[in-house]
Every structure is written in structure tokens, then in C-alpha cells.
């Protein structure tokens, strides 16, 4: 785990607590950094954007208060946001995929502004793309070298039997041959196992790429069983993001996904409007098809970070326009929130990727 110095982050946010306070923050910060599992990342992201944390913030207050009894979550809202941004930055340095996805999804196409350090959003975008490229870089299989087996005892056994019936020596040599075979088999298995996980992973990525390619060429909505160009653009944007996420085997997915979504939305020279609303995308979805729309249950744990998927979930449960009020309460966004079609497609895709990490 790389080191992280957050003193400069305090200064960039207009805070100058002094070296003594900074020193008291380091140890609990390092401990919390090691606990950045997906659901913890979600809560830290909420603090970074100034959103309420439903489960409370004792997990953050207690470690810092243990080192500094004057630490307060009530009076130090800006410092808490700084600490949250530092934890997210450190998580990105640690190649924590959920950190990049949570920040980008919570930003909701630019409709939410963080309390401090807005540049972290773009940093999350760049680092998530870099993780995508690194994870799927081909030709990274380790070299496989078979061999290193012990010299066979078979010639000695043959010579001993030909020279005379020394059965005691023959028995000893037979035991050595058996041990030799077992050791050779074990060595071969170890060598194969050394390369097998990487090989399986690469084959999985090839299968993923093939599936995405056929899906892209077909340009067909898996959920609605229609060509994407027959769907109204707001609905098409959400469906391409949903379909792509289902075909991806491991977040954050291949780097080409963004290009595929953009091309699908503009296929045939289709003109895209400047923006569309979440409401239009949700209410264009046919009510009779809701049984085919499999929204991950984990979305209920972070409806504010996954607002579009939560909107579909609420619409399927409550109906329209009854879902608008609970949506605004849970997501802290209006149903009329606007995004570009491409941003909406990427929003759904990222929400799906994050939900796959949250168990």
C-alpha cells in the first residue's frame, strides 16, 4: 500500500490545523484506509459530497476521537469532507475500483458538487479508466517452463535385475521410482497451477469481448427484445448501459465500453438531444415488461449513489407518478434531473458495476 500524505489536502481546502493535529489524524486515517470495502466506500463518498449517511458516522468519528478528543463530526463538516476526499484518493491509489465507480455515480452527471476538492471527480474518471486498461491488458500470462524433474531410477532398477535377482535392492529402487513419480506429478501440477488462474482470467476476458462485440453488432435490447434504434432515446440510453453492464464479467469493465455506448446511441446517424430526464427514461419503460428488468437488490443500500436504478425500482413498485416523491427523498435529486443521453447511459452502467461489488 502506497504512502499518502494528506497535509496538502487540508491546505487546498483552506484548512491549516497545524502539525500536531495532522499527526493525530495519520494513524486513524491509515486504519480506515485499510477498511475501504465497497459499502464503506459508499459512505465515504456520501461525506465527500455532503450527503447524509443513513447508518451514521460513528465508524469515522471513533478512530479520530480516540486520538484527538476534540474531534467533532458536527462542527468539522469541512474537515470531514477533506478526510473523506483523502480516503477516496488513497483508495484510488490502492486501485480500489469501487472508489472510482462510487464517486462517478454519485456525481450524477455533474448534478452533485463535492464539498471540497472537485478535481477528485475527474481523477476518479481517469484512474477508473486506467484500472480498466490494466486489468484487461492482453499477453500478460507468466512464462510456463515445465521440467526440473529428478533423474529417473528406472535404468538402475533394470541394471540391478539383469545383474542378478537382488530383490531387496529391486524393492528399494521400486519405492524410489514411486516417490519419483509422485514428486514429478506434484511438480508438474504446481507449475500448471502457477499459470492456470491467469489463463482462465484471460479466456474470460476474451469471452467478455466476444459477447460485447456480438451485442454491439446486433444493437438489440436484451430486456425489451427490440433494436435500440426503435427505442426513444432516453429509454435507449438506460437500456444500453444496463445491457453492457450485464455482459461485463468484472468491474470496471473494458475501456471500450464508453465508445460502444456512444456508437449505439448514434447509430444510423441518429440525432441525440442535448439532454434527457431521468423521469422520461423511466416512464418510457413499458409497465408490462417490468418483470424482465432485474434491478440488483443491493441498490436499496445506496439509492442516492444509484439514483437511476433506484428510479426504475420505485417506478416498478409504486407506479407513476407516485415514485417521484420517494425518489427525491431517497436520492436527493429530482425526477426531472437532466443528463446527456451518453451521460445517462454511463450513469446506469456505473451504477450496475458498483452494485455488483456491493454484496
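Tally up the residues in segment 112-139 that are over 16 Å from the mean Cα position of the chain (by Cα), touching a residue at least 60 places away in the same chain (Cβ under 8 Å) and more than 22 Å from residue 13 (Cβ to Cβ), please.
Residues that pass the stated criteria total 1.
So, of the residues in segment 1-13 that are closer than 23 Å to residue 72 by Cβ and in contact (Cβ under 8 Å) with a residue 24 or more places away in the chain, which turns out to be surrounded by the most Cβ atoms within 10 Å (Cβ to Cβ)?
10
Could you list all residues from segment 102-120 that are part of a helix (DSSP H, G or I) and either in contact with a strand residue (DSSP E or B) (Cβ under 7 Å, 6 or more places away or on another chain) or crowded, with 20+ Cβ neighbours inside 10 Å (or both)? Walk me through it before giving the result.
Of the residues in segment 102-120, the ones part of a helix (DSSP H, G or I) are 102-110, 119-120.
Residues satisfying the conditions are 102, 103, 104, 105, 106, 107, 108, 109, 120.
Quick one: what pairs do we get from segment 44-61, first residue on the phi < 0 side of the Ramachandran plot, second loosely packed, with under 12 Cβ neighbours inside 10 Å, C-beta under 9 Å, 6+ apart or different chains?
Listed pairs, sorted by first residue: 46/52; 49/113.
Could you figure out which of (1) in a helix (DSSP H, G or I); (2) within 17 Å of residue 235 (Cβ to Cβ) isn't true of residue 326?
Result: residue 326 fails condition (2) only.
Yes/no per residue for (1) farther than 22 Å from residue 287 by Cβ; (2) free of Cβ contacts under 8 Å to residues at least 24 places away in the same chain; (3) assigned to a loop (DSSP other than H, G, I, E, B); (4) within 23 Å of the chain's Cα centre (by Cα):
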| site | (1), (2), (3), (4) |
| --- | --- |
| 303 | no, no, yes, yes |
| 308 | no, no, no, yes |
| 316 | no, no, no, no |
| 322 | no, yes, yes, no |
| 336 | no, no, yes, no |
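Can you name the number of the only condition in (1) surrounded by fewer than 15 Cβ atoms within 10 Å (Cβ to Cβ); (2) assigned to a loop (DSSP other than H, G, I, E, B) that residue 26 fails?
(2)
Quick test of your reading of the structure: residue 298 fulfils all but one of (1) farther than 20 Å from residue 42 by Cα; (2) surrounded by 14 or more Cβ atoms within 10 Å (Cβ to Cβ). Name the failing condition by number.
The single condition residue 298 does not satisfy is (1).
None of the figures in this text is laboratory data; all of them are computed from the coordinates on show. As the structure is a prediction and not an experimental result, all values here were calculated from the model. When we count neighbours, we look across all protein chains shown, and the Cβ atoms used for this are built from the backbone with ideal geometry, even at glycine.
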